[in-house]
Amino acid sequence: MNGKNTERVQIILVILLKYFTKTIDLANDYNPMDQLKAKGIQPGEKVYKVSQVVEAIPAKWKVKPQIACYAVTDRKTRKRIHLLWEIRFCPNKNEGKKPFGLRDCEKTVDVCNSCTSENFDTRFPIRPFSTSEITRESGLEYIDEL
């Protein structure tokens with residue numbers, strides 16, 4: 001590799017390092033777990049309204065998030081269950097002098113997923129898992145609605 005290519009690679013690596021460092025910082029700064037626990041929303045078998053999850057977030061960040069769920073079927077009861085999949089924050093890149101900020105999400109539920117209303121019941125999984133793990137380990141069956 002010549003000197004110019006080595007310099008380009010170094011620049012790219014510095015940019016990637018900054019990108020991933022910022023991503024980790026944002027994940028730590030906008031981790032909703034403590035806020036959810038403060039409002040009594042904790043992982044487990046208890047069922048919550050999606051609206052409860054939405055309402056727990058503004059207390060700290062003053063914005064409404066977007067909630068995404070996915071549907072599964074309990075193998076024993078054959079009942080459909082909605083599991084909390086993601087809590088999404090919507091960025092506002094030019095908020096005042098800050099390079100990054102948050103705004104209310106236009107829609108509080110992701111209508112492409114199984115929770116299409118804040119009135120839906122959802123469970124907060126004990127740990128994140130993939131759809132293949134749902135089928136293998138949990139006694140639940142993933143419903144692919146797309």
(request) Quick one: residue 107 ticks every box in (1) basic (Lys, Arg); (2) in contact with a Pro (Cβ under 9 Å, 6 or more places away or on another chain); (3) at pLDDT 80 or above except a single one, so which number is it? (result) (2)
(message) Looking at 37, 62, 4 in this structure, which one is over 15 Å from the mean Cα position of the chain (by Cα) and within 21 Å of residue 124 (Cα to Cα)?
(response) 37
(request) Name the helices (runs of 4 or more DSSP H) wholly inside region 1-61 in which the number of residues that are free of Cβ contacts under 8 Å to residues at least 12 places away in the same chain and hydrophobic (A, V, I, L, M, F, W, C) is 1 or more. (result) 3-29, 33-38
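The values are calculated or read from the model by the stated rules, or taken from the named source; none is laboratory data. These numbers come from a predicted model, not from an experiment. When we count neighbours, we look across all protein chains shown, and the Cβ atoms used for this are built from the backbone with ideal geometry, even at glycine.
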